[in-house]
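These notes concern the structure reproduced below.
The values are calculated or read from the model by the stated rules, or taken from the named source; none is laboratory data. The structure displayed is predicted, hence computed values, not measured ones. Here the Cβ positions follow ideal geometry from the backbone for every residue, glycine too, while neighbour counts run over all protein chains shown.
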Amino acid sequence: MTDFEHSVRLDSDLCKGCINCIKRCPTQAIRVRNGKAVIISEFCIDCGECIRVCPHHAKLATYDPLDVLDNYEYKVALPAPSLYAQFNNLDDINIVLSALKLMGFDDVYEVSGAAEMVSEMSRRYVADNKDKRPFIGSACPTIVRLVSIRFPNLIEHLLPFNAPVDVAAALARKKAIKDTGLPSDKIGIIFISPCPAKVTACKKPIGIDKSDVDAVIAIKEVYPVLLPLMKQVVNKPEELSTSGRIGVGWGNSGGESGGMLTDSYLAADGIENAIRVLEDLEDEKFDRLEFIELNACSGGCVGGVLNVENPYVAQAKLKHLCKYLPVACNHLDTDYIDGAFLKKPIEYNPVFNLADNFEESIAIMSRIDELCEKFPGLDCGSCGAPTCKALAEDIVRGEASENDCIEILRKYLKDKSKELEKK
(Lines give C-alpha, C1' and ligand atoms only; values in the text may rest on other atoms or scores of the structure.)
Protein backbone atom coordinates (compact mmCIF):
# COMPACT_ATOMS: atom_id res chain seq x y z
CA MET A 1 0.00 0.00 0.00
CA THR A 2 1.45 3.36 -1.00
CA ASP A 3 2.03 5.84 1.81
CA PHE A 4 0.87 9.17 0.41
CA GLU A 5 2.03 12.50 1.74
CA HIS A 6 -1.02 14.71 1.76
CA SER A 7 -1.42 18.45 1.45
CA VAL A 8 -4.91 18.46 2.98
CA ARG A 9 -4.81 18.50 6.77
CA LEU A 10 -7.11 18.99 9.74
CA ASP A 11 -6.87 21.58 12.49
CA SER A 12 -8.60 19.66 15.27
CA ASP A 13 -8.82 22.79 17.45
CA LEU A 14 -11.13 24.41 14.90
CA CYS A 15 -13.14 21.26 14.16
CA LYS A 16 -16.63 21.22 15.70
CA GLY A 17 -17.46 17.65 14.73
CA CYS A 18 -20.13 18.57 12.19
CA ILE A 19 -20.69 16.18 9.30
CA ASN A 20 -20.40 18.53 6.31
CA CYS A 21 -17.07 17.06 5.27
CA ILE A 22 -17.97 13.38 5.62
CA LYS A 23 -21.02 13.81 3.39
CA ARG A 24 -19.05 15.52 0.61
CA CYS A 25 -15.82 13.53 0.57
CA PRO A 26 -15.82 11.57 -2.73
CA THR A 27 -13.75 8.67 -1.37
CA GLN A 28 -15.33 8.52 2.11
CA ALA A 29 -11.96 9.37 3.62
CA ILE A 30 -13.32 11.29 6.62
CA ARG A 31 -14.94 10.11 9.85
CA VAL A 32 -16.07 11.99 12.95
CA ARG A 33 -14.81 10.23 16.07
CA ASN A 34 -14.89 11.54 19.61
CA GLY A 35 -16.37 14.78 18.37
CA LYS A 36 -13.59 15.52 15.85
CA ALA A 37 -13.08 14.78 12.18
CA VAL A 38 -10.41 12.24 11.25
CA ILE A 39 -8.92 11.93 7.75
CA ILE A 40 -8.13 8.36 6.68
CA SER A 41 -4.85 9.01 4.91
CA GLU A 42 -4.88 6.09 2.48
CA PHE A 43 -8.35 7.02 1.17
CA CYS A 44 -7.64 10.74 0.69
CA ILE A 45 -7.03 12.00 -2.87
CA ASP A 46 -6.37 15.66 -1.89
CA CYS A 47 -9.30 16.98 -3.90
CA GLY A 48 -9.82 19.78 -1.38
CA GLU A 49 -13.58 19.29 -1.27
CA CYS A 50 -13.49 19.20 2.54
CA ILE A 51 -11.64 22.53 2.57
CA ARG A 52 -14.33 23.97 0.35
CA VAL A 53 -17.29 22.87 2.48
CA CYS A 54 -15.97 23.14 6.06
CA PRO A 55 -17.87 26.02 7.71
CA HIS A 56 -15.32 26.22 10.54
CA HIS A 57 -12.21 26.35 8.31
CA ALA A 58 -10.82 23.31 10.09
CA LYS A 59 -9.59 21.73 6.84
CA LEU A 60 -6.46 23.38 5.52
CA ALA A 61 -4.02 23.01 2.66
CA THR A 62 -0.30 22.66 3.27
CA TYR A 63 2.05 24.51 0.94
CA ASP A 64 5.35 26.38 1.09
CA PRO A 65 5.55 29.93 2.51
CA LEU A 66 6.56 32.84 0.31
CA ASP A 67 9.93 33.13 2.03
CA VAL A 68 10.91 29.81 0.43
CA LEU A 69 12.33 32.05 -2.31
CA ASP A 70 15.15 32.97 0.10
CA ASN A 71 16.42 29.38 -0.04
CA TYR A 72 17.66 29.68 -3.61
CA GLU A 73 20.19 31.83 -5.43
CA TYR A 74 18.18 31.82 -8.66
CA LYS A 75 14.39 31.52 -8.61
CA VAL A 76 12.10 30.54 -11.48
CA ALA A 77 8.34 30.98 -11.17
CA LEU A 78 6.00 28.44 -12.77
CA PRO A 79 2.63 30.22 -12.89
CA ALA A 80 -0.42 28.01 -13.47
CA PRO A 81 -2.76 29.36 -16.20
CA SER A 82 -5.46 29.84 -13.57
CA LEU A 83 -3.33 32.57 -11.93
CA TYR A 84 -4.14 34.90 -14.84
CA ALA A 85 -7.88 34.49 -14.18
CA GLN A 86 -7.69 36.00 -10.69
CA PHE A 87 -7.26 39.62 -11.78
CA ASN A 88 -9.87 42.13 -12.95
CA ASN A 89 -9.55 43.79 -16.35
CA LEU A 90 -6.35 41.96 -17.25
CA ASP A 91 -5.69 42.09 -20.98
CA ASP A 92 -1.97 41.27 -21.07
CA ILE A 93 -0.43 38.23 -19.37
CA ASN A 94 2.96 39.97 -19.45
CA ILE A 95 1.76 42.28 -16.67
CA VAL A 96 1.42 39.32 -14.29
CA LEU A 97 4.70 37.77 -15.40
CA SER A 98 6.60 41.05 -15.02
CA ALA A 99 5.12 41.51 -11.54
CA LEU A 100 6.37 38.04 -10.60
CA LYS A 101 9.90 39.20 -11.41
CA LEU A 102 9.44 42.30 -9.26
CA MET A 103 8.23 39.99 -6.50
CA GLY A 104 11.63 38.33 -6.37
CA PHE A 105 11.72 35.76 -9.14
CA ASP A 106 14.64 35.90 -11.56
CA ASP A 107 12.73 34.28 -14.41
CA VAL A 108 9.32 32.87 -15.26
CA TYR A 109 8.41 29.76 -17.23
CA GLU A 110 4.73 29.43 -18.02
CA VAL A 111 3.08 26.11 -17.28
CA SER A 112 0.75 26.98 -20.15
CA GLY A 113 3.72 26.84 -22.52
CA ALA A 114 4.47 23.28 -21.43
CA ALA A 115 0.74 22.49 -21.71
CA GLU A 116 0.90 23.28 -25.43
CA MET A 117 3.73 20.79 -25.81
CA VAL A 118 1.80 18.15 -23.86
CA SER A 119 -1.21 18.81 -26.11
CA GLU A 120 0.87 18.20 -29.21
CA MET A 121 2.39 15.02 -27.79
CA SER A 122 -1.04 13.81 -26.66
CA ARG A 123 -2.50 14.29 -30.14
CA ARG A 124 0.31 12.24 -31.61
CA TYR A 125 0.06 9.50 -28.96
CA VAL A 126 -3.72 9.13 -29.30
CA ALA A 127 -3.38 8.88 -33.08
CA ASP A 128 -0.70 6.18 -32.74
CA ASN A 129 -2.57 4.10 -30.13
CA LYS A 130 -6.12 3.82 -31.41
CA ASP A 131 -6.62 0.42 -29.77
CA LYS A 132 -6.49 1.98 -26.27
CA ARG A 133 -9.11 4.66 -26.82
CA PRO A 134 -10.67 6.49 -25.12
CA PHE A 135 -7.74 8.10 -23.32
CA ILE A 136 -8.13 9.92 -20.02
CA GLY A 137 -6.09 13.07 -19.50
CA SER A 138 -3.55 12.72 -16.69
CA ALA A 139 -3.07 16.41 -15.88
CA CYS A 140 -5.39 16.46 -12.83
CA PRO A 141 -3.56 14.59 -10.02
CA THR A 142 -6.78 14.04 -8.09
CA ILE A 143 -8.24 12.12 -11.05
CA VAL A 144 -5.05 10.06 -11.45
CA ARG A 145 -5.08 9.10 -7.76
CA LEU A 146 -8.81 8.37 -7.91
CA VAL A 147 -8.33 6.01 -10.86
CA SER A 148 -5.37 4.32 -9.14
CA ILE A 149 -7.36 3.45 -6.00
CA ARG A 150 -10.91 2.97 -7.29
CA PHE A 151 -10.87 2.22 -11.02
CA PRO A 152 -7.98 -0.20 -11.67
CA ASN A 153 -9.45 -1.34 -14.99
CA LEU A 154 -9.14 2.21 -16.33
CA ILE A 155 -5.46 2.75 -15.49
CA GLU A 156 -4.43 1.69 -18.99
CA HIS A 157 -6.56 4.49 -20.43
CA LEU A 158 -4.59 7.24 -18.65
CA LEU A 159 -2.26 9.18 -20.92
CA PRO A 160 1.30 8.20 -19.89
CA PHE A 161 2.62 11.77 -19.80
CA ASN A 162 3.86 13.91 -16.96
CA ALA A 163 1.57 16.81 -16.10
CA PRO A 164 2.43 20.14 -17.76
CA VAL A 165 3.83 21.49 -14.47
CA ASP A 166 6.42 18.69 -14.34
CA VAL A 167 7.33 19.16 -18.00
CA ALA A 168 7.62 22.91 -17.39
CA ALA A 169 9.77 22.36 -14.29
CA ALA A 170 12.23 20.11 -16.12
CA LEU A 171 12.54 22.51 -19.06
CA ALA A 172 12.82 25.53 -16.74
CA ARG A 173 15.66 23.90 -14.81
CA LYS A 174 17.59 23.11 -18.00
CA LYS A 175 17.12 26.70 -19.19
CA ALA A 176 18.20 28.16 -15.83
CA ILE A 177 21.34 26.02 -15.67
CA LYS A 178 22.25 27.06 -19.22
CA ASP A 179 21.51 30.76 -18.60
CA THR A 180 23.30 31.06 -15.25
CA GLY A 181 25.87 28.29 -15.09
CA LEU A 182 24.73 27.61 -11.53
CA PRO A 183 24.47 24.08 -10.14
CA SER A 184 20.99 22.61 -9.91
CA ASP A 185 20.79 22.88 -6.11
CA LYS A 186 21.22 26.67 -6.28
CA ILE A 187 18.19 26.98 -8.56
CA GLY A 188 14.65 27.00 -7.17
CA ILE A 189 11.80 25.96 -9.49
CA ILE A 190 8.71 27.22 -7.72
CA PHE A 191 5.18 26.36 -8.84
CA ILE A 192 2.27 28.72 -8.12
CA SER A 193 -0.60 26.30 -7.52
CA PRO A 194 -4.39 26.59 -7.65
CA CYS A 195 -5.11 23.46 -5.58
CA PRO A 196 -3.75 21.13 -2.86
CA ALA A 197 -3.73 18.11 -5.20
CA LYS A 198 -1.01 19.73 -7.30
CA VAL A 199 0.96 20.43 -4.12
CA THR A 200 0.81 16.72 -3.30
CA ALA A 201 1.67 15.78 -6.88
CA CYS A 202 4.85 17.88 -6.72
CA LYS A 203 5.89 16.62 -3.28
CA LYS A 204 4.95 12.96 -3.85
CA PRO A 205 4.43 12.39 -7.59
CA ILE A 206 2.95 9.30 -9.21
CA GLY A 207 4.81 7.79 -12.15
CA ILE A 208 8.13 9.54 -11.50
CA ASP A 209 10.58 9.33 -8.61
CA LYS A 210 10.95 13.06 -8.07
CA SER A 211 9.47 16.19 -9.56
CA ASP A 212 11.73 19.02 -10.72
CA VAL A 213 9.52 21.39 -8.72
CA ASP A 214 11.40 22.47 -5.59
CA ALA A 215 8.58 24.31 -3.82
CA VAL A 216 4.88 25.06 -4.24
CA ILE A 217 3.20 28.27 -3.14
CA ALA A 218 -0.51 29.05 -3.29
CA ILE A 219 -2.13 31.46 -5.72
CA LYS A 220 -4.04 33.03 -2.82
CA GLU A 221 -0.73 33.88 -1.10
CA VAL A 222 0.81 35.38 -4.25
CA TYR A 223 -2.29 37.35 -5.27
CA PRO A 224 -2.14 40.20 -2.71
CA VAL A 225 1.60 40.62 -3.29
CA LEU A 226 1.19 40.85 -7.06
CA LEU A 227 -1.62 43.45 -7.10
CA PRO A 228 0.50 46.52 -6.24
CA LEU A 229 3.43 45.25 -8.32
CA MET A 230 1.21 44.88 -11.37
CA LYS A 231 0.34 48.59 -11.12
CA GLN A 232 4.04 49.41 -11.37
CA VAL A 233 4.48 47.54 -14.66
CA VAL A 234 1.08 48.01 -16.25
CA ASN A 235 2.37 50.54 -18.80
CA LYS A 236 5.64 48.81 -19.77
CA PRO A 237 5.63 45.11 -18.97
CA GLU A 238 8.43 42.85 -20.21
CA GLU A 239 7.56 40.61 -23.14
CA LEU A 240 7.75 37.34 -21.20
CA SER A 241 4.69 35.36 -22.27
CA THR A 242 5.42 32.33 -24.46
CA SER A 243 2.03 30.61 -24.67
CA GLY A 244 -1.13 30.91 -26.69
CA ARG A 245 -4.79 30.06 -26.55
CA ILE A 246 -4.31 26.31 -26.26
CA GLY A 247 -1.95 26.50 -23.28
CA VAL A 248 -3.72 29.22 -21.31
CA GLY A 249 -7.04 27.50 -22.00
CA TRP A 250 -5.92 24.53 -19.89
CA GLY A 251 -6.94 26.55 -16.84
CA ASN A 252 -10.61 26.07 -17.74
CA SER A 253 -12.57 22.86 -18.03
CA GLY A 254 -12.49 21.85 -21.68
CA GLY A 255 -9.14 23.53 -22.28
CA GLU A 256 -7.16 20.31 -22.39
CA SER A 257 -9.74 18.82 -24.76
CA GLY A 258 -9.49 21.90 -26.96
CA GLY A 259 -5.79 21.23 -27.33
CA MET A 260 -6.55 17.77 -28.71
CA LEU A 261 -8.14 19.37 -31.82
CA THR A 262 -10.87 16.75 -32.01
CA ASP A 263 -14.64 16.69 -31.70
CA SER A 264 -14.58 13.16 -30.28
CA TYR A 265 -14.12 14.12 -26.63
CA LEU A 266 -15.92 14.46 -23.32
CA ALA A 267 -15.03 17.09 -20.70
CA ALA A 268 -16.45 16.95 -17.19
CA ASP A 269 -15.63 19.01 -14.12
CA GLY A 270 -16.54 18.58 -10.45
CA ILE A 271 -15.50 15.46 -8.59
CA GLU A 272 -18.97 13.90 -8.47
CA ASN A 273 -19.41 14.35 -12.22
CA ALA A 274 -15.94 12.94 -12.85
CA ILE A 275 -16.78 9.83 -10.82
CA ARG A 276 -19.98 9.30 -12.82
CA VAL A 277 -18.02 9.50 -16.06
CA LEU A 278 -15.44 6.99 -14.79
CA GLU A 279 -18.21 4.61 -13.75
CA ASP A 280 -19.81 4.89 -17.19
CA LEU A 281 -16.44 4.40 -18.85
CA GLU A 282 -15.90 1.28 -16.75
CA ASP A 283 -19.24 0.06 -18.09
CA GLU A 284 -17.90 0.64 -21.64
CA LYS A 285 -20.40 3.35 -22.52
CA PHE A 286 -17.85 5.61 -24.22
CA ASP A 287 -16.02 3.27 -26.57
CA ARG A 288 -16.30 5.66 -29.54
CA LEU A 289 -14.67 8.61 -27.84
CA GLU A 290 -11.02 9.50 -28.42
CA PHE A 291 -10.39 11.58 -25.33
CA ILE A 292 -11.88 12.22 -21.89
CA GLU A 293 -10.90 15.26 -19.85
CA LEU A 294 -11.78 15.17 -16.15
CA ASN A 295 -11.22 17.93 -13.63
CA ALA A 296 -11.89 17.39 -9.94
CA CYS A 297 -12.72 21.07 -9.40
CA SER A 298 -15.80 22.76 -10.80
CA GLY A 299 -14.82 24.91 -13.73
CA GLY A 300 -11.43 23.24 -14.04
CA CYS A 301 -8.24 24.48 -12.35
CA VAL A 302 -9.82 27.92 -11.89
CA GLY A 303 -12.07 26.19 -9.34
CA GLY A 304 -9.19 25.10 -7.09
CA VAL A 305 -9.48 26.02 -3.42
CA LEU A 306 -6.16 27.90 -3.44
CA ASN A 307 -7.54 30.51 -5.87
CA VAL A 308 -9.24 33.73 -4.78
CA GLU A 309 -11.73 34.42 -7.59
CA ASN A 310 -15.14 32.82 -8.02
CA PRO A 311 -14.52 29.93 -10.45
CA TYR A 312 -17.26 30.92 -12.86
CA VAL A 313 -16.08 34.52 -12.99
CA ALA A 314 -12.51 33.22 -13.43
CA GLN A 315 -13.66 31.03 -16.33
CA ALA A 316 -15.05 34.07 -18.11
CA LYS A 317 -11.87 36.06 -17.48
CA LEU A 318 -9.66 33.30 -18.89
CA LYS A 319 -11.86 32.97 -21.98
CA HIS A 320 -11.59 36.72 -22.49
CA LEU A 321 -7.78 36.53 -22.26
CA CYS A 322 -7.62 33.63 -24.70
CA LYS A 323 -9.69 35.49 -27.26
CA TYR A 324 -6.77 37.75 -28.17
CA LEU A 325 -3.97 35.19 -28.05
CA PRO A 326 -2.45 33.22 -30.94
CA VAL A 327 -3.58 29.60 -31.13
CA ALA A 328 -0.26 28.24 -29.87
CA CYS A 329 3.30 29.50 -29.41
CA ASN A 330 5.08 26.21 -28.67
CA HIS A 331 5.75 23.54 -31.28
CA LEU A 332 7.87 20.41 -31.03
CA ASP A 333 10.87 19.64 -33.20
CA THR A 334 10.62 15.95 -32.30
CA ASP A 335 7.75 13.57 -31.74
CA TYR A 336 8.14 13.58 -27.96
CA ILE A 337 10.17 15.59 -25.45
CA ASP A 338 12.79 13.69 -23.47
CA GLY A 339 11.38 12.93 -20.03
CA ALA A 340 7.79 13.73 -21.00
CA PHE A 341 6.64 10.14 -20.44
CA LEU A 342 6.08 8.75 -16.96
CA LYS A 343 9.12 6.75 -15.90
CA LYS A 344 7.09 3.98 -14.26
CA PRO A 345 3.53 2.75 -14.81
CA ILE A 346 0.70 3.90 -12.59
CA GLU A 347 -0.22 0.97 -10.37
CA TYR A 348 -3.44 -0.06 -8.68
CA ASN A 349 -3.40 0.84 -5.00
CA PRO A 350 -6.05 -1.37 -3.33
CA VAL A 351 -6.71 0.82 -0.31
CA PHE A 352 -10.40 -0.16 -0.15
CA ASN A 353 -9.75 -3.90 0.00
CA LEU A 354 -11.08 -5.45 3.21
CA ALA A 355 -9.04 -8.65 2.91
CA ASP A 356 -6.07 -10.15 1.08
CA ASN A 357 -7.82 -13.15 -0.45
CA PHE A 358 -11.12 -13.92 -2.14
CA GLU A 359 -12.55 -16.29 0.49
CA GLU A 360 -11.94 -13.85 3.33
CA SER A 361 -13.39 -11.00 1.27
CA ILE A 362 -16.62 -12.96 0.71
CA ALA A 363 -16.92 -13.60 4.43
CA ILE A 364 -16.34 -9.96 5.26
CA MET A 365 -18.84 -8.79 2.66
CA SER A 366 -21.40 -11.18 4.14
CA ARG A 367 -20.77 -9.66 7.58
CA ILE A 368 -21.14 -6.15 6.14
CA ASP A 369 -24.47 -7.10 4.55
CA GLU A 370 -25.68 -8.47 7.89
CA LEU A 371 -24.77 -5.22 9.63
CA CYS A 372 -26.44 -3.13 6.94
CA GLU A 373 -29.66 -5.09 7.51
CA LYS A 374 -29.58 -3.98 11.14
CA PHE A 375 -29.05 -0.33 10.33
CA PRO A 376 -31.95 1.96 9.30
CA GLY A 377 -30.42 2.85 5.92
CA LEU A 378 -30.78 6.58 6.53
CA ASP A 379 -27.15 7.45 5.74
CA CYS A 380 -27.62 10.29 8.22
CA GLY A 381 -23.97 10.58 9.25
CA SER A 382 -24.81 10.78 12.96
CA CYS A 383 -22.53 7.80 13.59
CA GLY A 384 -19.55 9.73 12.20
CA ALA A 385 -19.44 7.70 8.97
CA PRO A 386 -20.90 8.98 5.68
CA THR A 387 -23.19 5.99 5.06
CA CYS A 388 -24.55 2.96 6.86
CA LYS A 389 -22.37 0.74 4.67
CA ALA A 390 -19.28 2.78 5.56
CA LEU A 391 -20.09 2.28 9.24
CA ALA A 392 -20.44 -1.46 8.66
CA GLU A 393 -17.03 -1.50 6.99
CA ASP A 394 -15.54 0.44 9.90
CA ILE A 395 -17.00 -2.09 12.33
CA VAL A 396 -15.47 -4.97 10.36
CA ARG A 397 -12.13 -3.17 10.43
CA GLY A 398 -12.44 -2.83 14.20
CA GLU A 399 -12.64 0.96 14.08
CA ALA A 400 -16.27 1.39 15.18
CA SER A 401 -19.06 -0.42 17.00
CA GLU A 402 -22.72 -1.14 16.29
CA ASN A 403 -23.74 1.27 19.04
CA ASP A 404 -22.26 4.16 17.06
CA CYS A 405 -25.49 4.00 15.06
CA ILE A 406 -27.95 6.23 16.89
CA GLU A 407 -30.88 3.93 16.06
CA ILE A 408 -29.05 0.86 17.38
CA LEU A 409 -27.98 2.82 20.46
CA ARG A 410 -31.54 3.98 21.08
CA LYS A 411 -32.77 0.40 20.90
CA TYR A 412 -29.92 -0.76 23.16
CA LEU A 413 -30.74 1.88 25.79
CA LYS A 414 -34.44 1.07 25.60
CA ASP A 415 -33.75 -2.64 26.16
CA LYS A 416 -31.41 -1.84 29.04
CA SER A 417 -33.99 0.39 30.71
CA LYS A 418 -36.59 -2.40 30.49
CA GLU A 419 -34.12 -4.78 32.10
CA LEU A 420 -33.56 -2.35 34.95
CA GLU A 421 -37.30 -1.85 35.43
CA LYS A 422 -37.74 -5.61 35.89
CA LYS A 423 -35.11 -5.63 38.62
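Would you kindly identify the strands (runs of 3 or more DSSP E) lying entirely within the range 1-113 that contain at least 2 residues that are crowded, with 21+ Cβ neighbours inside 10 Å? Can you show your working first?
Numbers: elements: 8-10, 30-33, 36-39, 59-61, 74-79.
Answer list for the range 1-113: 30-33, 59-61, 74-79.
Suppose we filter the range 114-126 for residues that are under 20 Å from the mean Cα position of the chain (by Cα) and either among the aliphatic types (A, V, I, L, M) or not in a helix (DSSP H, G or I) (or both); how many remain?
Number satisfying all stated conditions: 3.
Which pairs have Cβ atoms under 6 Å, sit 6 or more apart or on different chains, and link a residue in the range 320-347 that is closer than 19 Å to A169 by Cα to one that is part of a helix (DSSP H, G or I) and among the β-branched types (V, I, T)?
Close Cβ pairs satisfying both conditions: A340/V167.
List every residue pair whose Cβ atoms lie under 8 Å apart, where the two residues are 6 or more positions apart in sequence or sit on different chains, the first residue falls within the range 112-125 and is farther than 19 Å from I192 by Cα, and the second residue, located anywhere, is among the charged types (D, E, K, R) and surrounded by fewer than 24 Cβ atoms within 10 Å (Cβ to Cβ).
As it stands, the answer is M121/D335; R124/D335, since those pairs meet every condition given.
For D263, all conditions in the list (1) touching a residue at least 60 places away in the same chain (Cβ under 8 Å); (2) among the charged types (D, E, K, R); (3) out of contact with any helix residue (DSSP H, G or I) (no Cβ under 8 Å at 6 or more places or on another chain) hold save one; what is the number of the exception?
Of the numbered conditions (1) touching a residue at least 60 places away in the same chain (Cβ under 8 Å); (2) among the charged types (D, E, K, R); (3) out of contact with any helix residue (DSSP H, G or I) (no Cβ under 8 Å at 6 or more places or on another chain), the odd one out for D263 is (1).
Of the residues V32, V68, V8, V76, which is touching a Phe, Trp or Tyr at 6+ places or on another chain (Cβ under 7 Å) and over 20 Å from L227 (Cβ atoms)?
V76
Among the residues that make up the range 158-169, is at least one of them β-branched (V, I, T), in contact (Cβ under 8 Å) with a residue 12 or more places away in the chain and touching a helix residue (DSSP H, G or I) at 6+ places or on another chain (Cβ under 9 Å)?
yes
Restricting attention to the range 198-235, which residues are surrounded by fewer than 21 Cβ atoms within 10 Å (Cβ to Cβ), of a type in the set (D, E, K, R) and over 20 Å from N88 (Cβ atoms)?
Matches in the range 198-235: K203, K204, D209, K210.
Okay, residues lined up against (1) part of a loop (DSSP other than H, G, I, E, B); (2) modelled with pLDDT of 90 or more; (3) outside the structural domain of L159 (by TED's automatic domain parsing); (4) exposed (fewer than 13 other Cβ atoms within 10 Å of the Cβ):
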site	(1), (2), (3), (4)
K317	no, yes, no, no
C329	yes, yes, yes, no
G381	yes, yes, yes, no
I395	no, yes, yes, no
E399	yes, yes, yes, no
D415	no, no, yes, yes
